[in-house]
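My questions will all concern the structure given below.
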Protein chains: 2
Amino acid sequence: MNPVYIEIDGFDGNARAARLFTPHGIIKTPVFMPVGTNACVKALTPQDTKETGAEIMLANTYHLYLRPGHDLIKKFGGIHRFMGWDRPVLTDSGGYQVFSLAKLRKITENGVIFQSHIDGSSHNFTPENAISIQNALGADIIMCFDECTGFPVTRKEAEESADLTALWARRCMDAHQGNNQALFGIVQGSIYPDIRQKSLEQITSIDFPGYAMGGLAIGEPKEQTYKIINKILHCLPFDRPRYIMGMGSPVDLVEGVFNGADMFDCVMPTRNARNGQFFTDNGRINIKNARYFNDEMPIDENCQCYTCRNFTRAYLRHLFVLKEILFYRLATIHNLYYYINLMKRIRTAIINNKMADFRKQFLDKWR
Amino acid sequence: MNPVYIEIDGFDGNARAARLFTPHGIIKTPVFMPVGTNACVKALTPQDTKETGAEIMLANTYHLYLRPGHDLIKKFGGIHRFMGWDRPVLTDSGGYQVFSLAKLRKITENGVIFQSHIDGSSHNFTPENAISIQNALGADIIMCFDECTGFPVTRKEAEESADLTALWARRCMDAHQGNNQALFGIVQGSIYPDIRQKSLEQITSIDFPGYAMGGLAIGEPKEQTYKIINKILHCLPFDRPRYIMGMGSPVDLVEGVFNGADMFDCVMPTRNARNGQFFTDNGRINIKNARYFNDEMPIDENCQCYTCRNFTRAYLRHLFVLKEILFYRLATIHNLYYYINLMKRIRTAIINNKMADFRKQFLDKWR
């Protein structure tokens, strides 16, 4: 049996509510995964992260490979123990970071030679070692090493890249060791529905315990993102978890789930928090705004997060203006709580067959 | 009755263990007060600060006067409510910051005209408005507006400054409003024992509910600090709390209590934490050191703080090297816990009449 699998609890149109079983516990989906790039969600302890309701955390293989190194993390008993987080973890493959952060990439059929963005040192990622590194890190879910094209790319580039990703996916599957980690495949193909469809067929021809859509929300217009999601997502196997990588405004999450996605990650709630932006159902609050100087309200009076239960907008603005470290934590707590609570509300809507209503009301408020 | 007073629980030589009664609760002394410059201990929530064992927090009048302003804090019901801290608070008078941070100071008998270090705007502190600002902030203990000389100063400068501080102390006492805040007097006089003695007589001739030593640990050699403490501290009234302002290495605390001090504040534990330095009984740990790269031990295996109970040196070093915000919090928690626990151990030593032994053992380890 696969170490990770889903049981569907309900569906409404293409939207699904499920439970995702993993070696570190059961996750209710749809689920948002906070990003813990360097084996920590920025500004939060594992305890804080749990208190936002987070059930699974994402960490970045590229970053951890460079610092502190997967060997150290393996020596410490794996990423869960290293960072003190006992719930499930997903690691990406490093593919996206190699293409977005690293310098002087050279792509061959074998893999990618790149220079570290930190010190310019030379490194080599192949499907085999990207999996071996993730085996060492020890996350519950690991990802195939894919080629993530930028935006825009020509049809030809997109197709060649998707073909290479499919070749690499097979090699990742062959390289994967052990029975405690589930390896997910990744569909590429940029904004071209037919290339996405072909990539989907290539990737799903390999029996992965879960499938992801990569290469979205990397700069393309939203309409094109949503078009791909709408056309392609429901074609993924019904009985496997579906993960849209790196996409994640609140509206994106609603649209993603509506079209059949189960899992999401994005730096938006955490990064925007550090820039002073809070999410609420009524839109975003930029705390720097002078109107909040003497505002005695919490960020969202209906929110039950630690920040909203304890602090006023005026105090948060004061901390932000003074760049107090505490601000980053309090803002991150609220935004993650908002995201995770949004997923819970969506799950309830699906189970009650109200997803279309929920979506309409949500989009009306946000747009 | 004064809103703040002590009851002595025990003494050993000049060292005293007491309880300090305040409008927001009882504090056991000797006590270390974490510095919450901008109405927050840097990187910590009020809950974190409580969990380090802290019983009272210090905030800076100069900073809060400039941002967000004492009027706002008064409107929010005072500094406790503004920052969500329900235990006692002490505010300094702004005297030290005006002399160390502000630009283009002009001192007259009436007060100090200065330019904000933030935007160069012009402001005026007098004994009267320094008290009025502190009345608005609403701390349990407030401090006289004093002239804090730098180091070195001539005898003549030190004496003139101490005389001015004494004049201002009387004006502060006259200006102080309300019955819920205790105003403490401040002894100055630099490193000159006879000027300190004269200042002490001037200040204690005013019936303040507590007395502080100001102008120490501002750059003078340690021997001179300790000489002043040793000669002067025990001359302060026995039945009033004694506070050494801004002085605070672990050794300083032991020496201060040994010579009769009850209260301390210092940015050292919090600031050094942010620079990667942890305090332990065996000295300081600079976490940046490569030896900690794969060190599976906690910072201090005997420490019961949140950080030591949950994280390895290797993980903390990893966070520090990557400048993860979480590091600053975890390090601050440990150092404050260490300081506050040190004060508890000193208190126990005093009550058991073991202060001299404790001091000797502590100094042997640290030096």
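Would you please name the residue that is farthest from B:Ile56 (Cα to Cα), looking only at residues in segment B:295-319 that are surrounded by 22 or more Cβ atoms within 10 Å (Cβ to Cβ) and hydrophobic (A, V, I, L, M, F, W, C)? Give the derivation first.
Here is the first cut: in segment B:295-319, the residues surrounded by 22 or more Cβ atoms within 10 Å (Cβ to Cβ) are B:299, B:305, B:307-308, B:311, B:313, B:315-319.
Remaining after also requiring hydrophobic (A, V, I, L, M, F, W, C): B:299, B:305, B:308, B:311, B:316, B:319.
Details: B:Ile299: 25, B:Cys305: 18, B:Cys308: 23, B:Phe311: 27, B:Leu316: 28, B:Leu319: 29 Å.
Among those that are surrounded by 22 or more Cβ atoms within 10 Å (Cβ to Cβ) and hydrophobic (A, V, I, L, M, F, W, C), it is B:Leu319.
In this structure, does B:Glu255 turn out to be away from chain A (no Cβ under 14 Å), touching a Leu at 6+ places or on another chain (Cβ under 9 Å) and either surrounded by fewer than 24 Cβ atoms within 10 Å (Cβ to Cβ) or polar (S, T, N, Q) (or both)? Show your work before the answer.
Numbers: away from chain A (no Cβ under 14 Å): yes; touching a Leu at 6+ places or on another chain (Cβ under 9 Å): yes; either surrounded by fewer than 24 Cβ atoms within 10 Å (Cβ to Cβ) or polar (S, T, N, Q) (or both): yes.
The answer is yes for B:Glu255.
Let me ask something else. Out of the helices (runs of 4 or more DSSP H) lying entirely within segment A:276-367, which hold 1 or more residues that are among the basic types (Lys, Arg) and within 13 Å of chain B (Cβ to nearest Cβ)?
Numbers: elements: A:306-310, A:313-321, A:325-351, A:355-366.
The helices (runs of 4 or more DSSP H) meeting that bar are A:306-310, A:313-321, A:325-351.
Quick test of your reading of the structure: B:Tyr292 fulfils all but one of (1) on the phi > 0 side of the Ramachandran plot; (2) crowded, with 17+ Cβ neighbours inside 10 Å; (3) without any contact (Cβ under 8 Å) to a residue 40 or more places away in the chain. Name the failing condition by number.
With (1) on the phi > 0 side of the Ramachandran plot; (2) crowded, with 17+ Cβ neighbours inside 10 Å; (3) without any contact (Cβ under 8 Å) to a residue 40 or more places away in the chain applied to B:Tyr292, the lone miss is (1).
What pairs can you find where one residue is in segment A:338-367 and among the hydroxyl-bearing types (Ser, Thr, Tyr), the other is in a helix (DSSP H, G or I), and their Cβ atoms are less than 8 Å apart, with a gap of 6+ or different chains?
A:Tyr338/A:Pro250; A:Tyr338/A:Pro269; A:Tyr339/A:Pro250; A:Tyr339/A:Leu253; A:Tyr339/A:Pro269
For the structure I just gave you, tell me whether B:Gly246 is on the phi > 0 side of the Ramachandran plot and either part of a helix (DSSP H, G or I) or more than 14 Å from every other protein chain (Cβ to nearest Cβ) (or both).
In short, yes.
Given the residues A:Thr149, A:Thr154, which is the only one that is closer than 23 Å to A:His63 by Cα and hydroxyl-bearing (Ser, Thr, Tyr)?
Details: A:Thr154 fails: closer than 23 Å to A:His63 by Cα.
Answer to the selection: A:Thr149.
Restricting segment B:48-67 to residues that are in contact with a Lys or Arg (Cβ under 8 Å, 6 or more places away or on another chain) and surrounded by 24 or more Cβ atoms within 10 Å (Cβ to Cβ), which is nearest to A:Phe320 (Cα to Cα)? Spell out the reasoning first.
Of the residues in segment B:48-67, the ones in contact with a Lys or Arg (Cβ under 8 Å, 6 or more places away or on another chain) are B:48, B:50, B:53-57.
If we keep only those that are surrounded by 24 or more Cβ atoms within 10 Å (Cβ to Cβ) too, we end up with B:54, B:56-57.
Details: B:Ala54: 24, B:Ile56: 24, B:Met57: 21 Å.
The extreme case among them is B:Met57.
Looking only at segment B:259-266, decide whether some residue is at pLDDT 95 or above, within 22 Å of the chain's Cα centre (by Cα) and surrounded by fewer than 19 Cβ atoms within 10 Å (Cβ to Cβ). Full working, then the answer.
Taking segment B:259-266 as the starting set, the residues that turn out to be at pLDDT 95 or above are B:259-266.
When the remaining residues are screened for being within 22 Å of the chain's Cα centre (by Cα), the result is B:259-266.
Applying the additional criterion that residues be surrounded by fewer than 19 Cβ atoms within 10 Å (Cβ to Cβ) yields none.
Scanning segment B:259-266, I find no residue that is at pLDDT 95 or above, within 22 Å of the chain's Cα centre (by Cα) and surrounded by fewer than 19 Cβ atoms within 10 Å (Cβ to Cβ), so the answer is no.
So if I check each of A:Asp86, A:Asp119, A:Asp71, which one is under 22 Å from the mean Cα position of the chain (by Cα) and either loosely packed, with under 15 Cβ neighbours inside 10 Å or closer than 30 Å to A:Cys305 by Cα (or both)? Full working, then the answer.
Details: A:Asp119 fails: under 22 Å from the mean Cα position of the chain (by Cα); A:Asp71 fails: under 22 Å from the mean Cα position of the chain (by Cα).
Result of the check over A:Asp86, A:Asp119, A:Asp71: A:Asp86.
Considering only residues that are at negative phi and touching a residue at least 60 places away in the same chain (Cβ under 8 Å), look in segment B:38-47 and name the one that is surrounded by the most Cβ atoms within 10 Å (Cβ to Cβ).
B:Val41
Out of all the residues in segment B:122-151, which are assigned to a loop (DSSP other than H, G, I, E, B) and at pLDDT 95 or above? Explain how you work it out, then say what you get.
Step one: list which residues in segment B:122-151 are assigned to a loop (DSSP other than H, G, I, E, B), which gives B:126, B:138-140, B:144-151.
Across segment B:122-151, the qualifying residues are B:Thr126, B:Gly138, B:Ala139, B:Asp140, B:Cys144, B:Phe145, B:Asp146.
The rows are residues; the columns are (1) buried (at least 23 other Cβ atoms within 10 Å of the Cβ); (2) more than 25 Å from A:Thr37 (Cβ to Cβ); (3) modelled with pLDDT of 95 or more.
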residue	(1), (2), (3)
A:Thr204	no, yes, yes
A:Ala212	yes, no, yes
A:Leu216	yes, no, yes
A:Pro221	no, yes, yes
A:Lys231	no, yes, yes
A:Cys235	no, yes, yes
A:Asp239	no, yes, yes
A:Ile244	yes, no, yes
A:Gly248	no, no, yes
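Of the residues A:Phe208, A:Phe278, A:Phe238, which single one is farther than 25 Å from A:Thr22 by Cβ, of a type in the set (Phe, Trp, Tyr) and over 18 Å from the mean Cα position of the chain (by Cα)? Before the answer, list the steps.
Details: A:Phe208 fails: farther than 25 Å from A:Thr22 by Cβ; A:Phe238 fails: farther than 25 Å from A:Thr22 by Cβ.
Step by step, each of A:Phe208, A:Phe278, A:Phe238 is checked, and only A:Phe278 is farther than 25 Å from A:Thr22 by Cβ, of a type in the set (Phe, Trp, Tyr) and over 18 Å from the mean Cα position of the chain (by Cα).
Got a sec? Which of B:Met173, B:Met247 is within 21 Å of B:Thr29 (Cα to Cα), without any contact (Cβ under 8 Å) to a residue 60 or more places away in the chain and in the same structural domain as B:Tyr96 (by TED's automatic domain parsing)? Can you show your working first?
On the way: B:Met173 fails: within 21 Å of B:Thr29 (Cα to Cα).
When all the criteria are applied, what remains is B:Met247.
The values are calculated or read from the model by the stated rules, or taken from the named source; none is laboratory data. Just so it is clear, the structure is predicted and the values come from calculations on it, not from any experiment. Every residue, glycine as well, gets a Cβ built from its backbone with ideal geometry; the counts of neighbours run over all protein chains shown.
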